Each structure stands twice: as structure tokens, then as C-alpha cells.
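S.K.: Before we start, here is the structure in question, set down as C-alpha cells.
None of the figures in this text is laboratory data; all of them are computed from the coordinates on show. Here the structure is a predicted model, which means the values were calculated and not measured. All Cβ positions, glycine included, derive from the backbone under ideal geometry; neighbour counts span all protein chains shown.
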Amino acid sequence: MPEHRQQRALRMGVLGTANIAIRRIMPVLAAHDRVDLVAVASRDEARAVQVGAVFGCEGVGGYEALLEREDLDAVYIPLPPGMHHAWAMRALRAGKHVLVEKPMSDTYEKTLELLTTASRLGLVLAENFMFLHHSQHAAVRAMLDDSVGGLRQFSGTFAVPPLAPESFRYRPELGGGALLDVGVYPLRAAQLHLTGELEVLGAFLRVDGSTGVDVAGSVLLCDERGVTAQLDFGFEHAYRSMYALWGDRGRVSVRRAFTPPEQLRPVVRIEQQDVVTERALPEDNQVFNAMDAFVRAALAKARSAGEETATLRQALLVERVRQVARTVGMPASASRLLVGGPGAR
């Protein structure tokens with residue numbers, strides 16, 4: 001086991017060896033100068049040891065064993081959404097600060113219970129919506145008055161090609177489905193730009209007949225000013241990750257809104273009458289920014305009431321979409337062809 005730094009750093013563990021943890025999160029945590037990456041857990045101890053060796057930390061067999069350790073201050077949880085509540089709650093009760101992948105849980109009530117528990121215990125609990133930490137969104141907000149004027153409509157899309165059939169995203173009991181995996185992104189983005197509590201005017205979810213999960217959907221929202229938001233998402237599309245703001249002076253579109261690579265200089269398109277302008281914004285690393293924000297908050301034990309409110313609003317909005325949505329089934333034969341076809345990855 002490697003030597004670890006003194007308590008100037010946040011001692012972190014990772015609860016699971018999901019792809020996002022290995023590809024995106026653990027490299028950043030291992031390199032962060034205020035993080036001591038202590039251990040990673042898997043139900044398969046051999047896999048935990050293998051992953052731990054890559055990042056210079058200990059591999060632990062079993063999630064409970066990780067939470068029982070006294071040399072951890074915080075944990076990152078990249079498990080499927082249906083497992084977030086149970087393991088985040090156990091982590092909080094074990095006295096750990098928690099960074100949990102989006103969505104924080106699969107229901108509003110569970111999210112409320114987690115946040116209430118964290119508040120009572122004086123612990124930091126954060127939902128890992130990394131796109132919120134990219135500087136392009138603040139840059140877009142700063143240009144809205146001149147480029148868009150009075151906002152009339154927001155539109156947002158996040159969709160990906162069909163996923164591997166064994167993915168948890170096709171398992172209802174694990175919180176699978178497009179709404180919780182990709183639909184939450186345009187929903188959260190809409191809340192960046194619309195005001196007050198958003199009303200769900202209509203929603204549609206297409207359900208895969210062979211798995212029982214939603215694989216595509218659309219949502220229509222409205223805010224207190226009458227500004228509407230039209231959102232689309234799914235697992236059965238060519239890749240698209242964007243949002244746009246349309247007003248009485250023009251339209252601004254953000255082309256790589258949710259998962260921009262850190263080396264990318266995002267390009268924002270501004271359309272006004274007969275003039276089209278493209279503005280390249282500075283590159284930014286939203287993964288590092290998200291991790292850094294959590295680390296600083298946990299070290300300072302500084303809970304953010306604003307972030308907690310936003311997390312609850314998001315959970316409530318997702319629940320309202322489910323309540324309102326018209327659900328249409330897709331024949332099992334068609335869904336099997338879709339999931340196993342040439343676009344599967």
C-alpha cells in the first residue's frame with residue numbers, strides 16, 4: 001500500500017469500478033494535490049486490486065469493507081442510480097462526505113432523505129453533474145442580453161446510440177432508462193436559464209418492450225414568465241449534446257453542452273437576423289472542476305444550500321415528468337434489433 005499524505009488532503013475512496021470512475025474520475029482524483037486516493041472497492045476483490053494498482057491505491061473487496069475504514073473522509077459513488085440511495089445513506093451514516101453520480105437517487109423522496117441526513121450529520125453530499133462546472137455556461141449567460149434579448153424558448157437534446165445490451169441502463173431494478181441517464185441533462189440545463197418552479201406541460205417516454213425501460217423521450221416545460229423549454233433525449237439516436245436559447249433579438253446555440261472534451265474550445269453559434277457569428281470559448285476541464293469543487297467543500301465542511309435546493313428541484317422535476325408522461329411501448333422484436341444492431345457499443 002502506498003504512503004499517503006498528511007491530513008491536508010481529503011482522504012477519498014471510490015465505491016465501485018464503473019467505467020466512468022476508471023476513465024474520467026479516478027485519474028483526476030489520483031492527480032489532485034488536495035486528494036489522497038486511498039482505496040477503491042468492488043464486489044470482485046481481484047478487480048478492485050487490479051484497478052487500485054493502476055491508480056496507486058488499495059483494492060478492497062466489498063463496498064461495506066470500504067465504508068468501515070477509518071482512514072477515509074469521503075467517498076465517490078459511481079454505482080447505477082437504483083443503488084445510489086442505499087449506498088450513499090450507508091456512507092453518510094459511516095461519517096463520510098459523499099459525491100454521488102447523477103442522479104442523486106431515482107426518486108424525489110429518496111433524494112430528500114439523503115440531503116436531510118447529510119444536513120443532520122454535518123456532512124457534504126453532492127450530485128456529480130459535471131457539465132455544470134464548465135465555464136462555457138457562464139460565458140453563454142453573460143452574452144444573453146446582447147445576443148438573445150428577451151428569452152422566449154429553450155431547447156435541449158442529449159442522445160446517444162444504442163448501448164451494450166448488458167448495460168445497467170436497460171435494467172429497471174437498477175434505475176435504468178434514458179430519462180435518468182441522459183434526460184436529466186437537458187432538464188438540468190433548462191433550470192439554468194428558466195426561472196422559478198418549472199411546470200411540465202407534456203411528456204412522452206418510449207419504452208423498450210424487451211427490457212421495460214424508457215429508451216427515448218421528449219418533455220415540454222414552461223416557467224413563470226411563459227418561457228418554454230422543449231427537450232429530447234434517448235438511447236436510439238445519432239449522438240447529440242446541445243442546447244439553444246431563442247429570444248427576440250437572436251438565438252444562441254451551445255453545440256457540445258454536456259460532455260465536452262477538456263482539450264476542446266467550445267464553439268457557440270449566434271444567429272441574429274442575417275448575421276451568423278461563431279465564437280470559440282476557452283477550453284476547460286469540467287471533470288477536474290467538479291472534483292475540485294467537491295474536495296474544497298468537503299475539506300471545509302461547507303455545505304451549499306443553493307446546490308441542495310437545485311438538486312431537490314431537479315429530483316422533483318424528474319418525478320413530475322414521470323407522472324405526466326404518456327408512455328408508449330416499443331415491440332420487443334424491434335427493441336432487440338435496435339439494441340443489438342450495428343450502432344450498439
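S.K.: Tell me the mean residue ellipticity at 222 nm calculated for the chain from its helices only (DSSP H runs of n ≥ 4, each -39500 (n - 2.57), averaged over every residue, nearest 500).
M.R.: -10500 deg cm²/dmol
S.K.: P(r) for the chain, please, calculated from all Cα pair distances in 10 Å bins and given in %.
M.R.: 6, 24, 32, 26, 11, 2, 0
S.K.: For the chain, give me the percentage of DSSP beta bridges that are antiparallel, rounded to the nearest 5 percent.
M.R.: Roughly 50 percent of the beta bridges in the chain run antiparallel, per DSSP.
S.K.: Take LEU264 and LEU312, extend 7 Å from each Cα along the Cα→Cβ direction, and tell me the distance between the two endpoints in nm.
M.R.: Each label point is offset 7 Å from its Cα along the Cβ direction, giving 3.4 nm.
S.K.: Given 10 °C and 1.306 mPa s, compute D for segment 1-80 with the Stokes-Einstein relation, Rh being the Kirkwood radius over Cα pairs; round to the nearest whole µm²/s.
M.R.: Once the numbers are plugged in, D ends up at 131 µm²/s.
S.K.: If I build a Gaussian network model for the chain, linking alpha-carbon pairs within less than 10 angstrom, which residue out of GLY306, GLY56, GLY217 has the largest mean-square fluctuation?
M.R.: Among GLY306, GLY56, GLY217, the largest mean-square fluctuation in the Gaussian network model of the chain belongs to GLY306.
S.K.: Sort 98-109, 223-234 by packing, meaning the average of other beta carbons within 10 Å per residue, with the highest value first.
M.R.: Output ranking for 98-109, 223-234: 98-109, 223-234.
S.K.: How much net charge surrounds VAL275 when only the other residues with a Cβ under 12 Å from the Cβ of VAL275 are counted, with Lys and Arg +1 and Asp and Glu -1?
M.R.: Once positives and negatives cancel, what remains is 0.
S.K.: Something else now. Using only the alpha carbons of segment 144-188, what is the convex hull's orientation-averaged projected area in square nanometres?
M.R.: That works out to 4.3 nm², a quarter of the Cα hull's surface.
S.K.: In Å, the Kirkwood hydrodynamic radius of segment 76-234 over pairs of distinct alpha carbons?
M.R.: This gives a value of 17.2 Å.
S.K.: Write down the Kirkwood hydrodynamic radius of segment 20-65, to one decimal in angstroms, obtained as one divided by the mean of 1/r over all alpha carbon pairs.
M.R.: In segment 20-65 this quantity evaluates to 10.5 Å.
S.K.: How large is the convex hull of the C-alpha atoms of segment 205-269 per residue, in Å³?
M.R.: Roughly 126 Å³ of hull volume per residue.
S.K.: Something else: Can you check what the net charge comes to around ALA300, using other residues whose Cβ is under 13 Å from the Cβ of ALA300 (Lys, Arg +1; Asp, Glu -1)?
M.R.: In short, +3.
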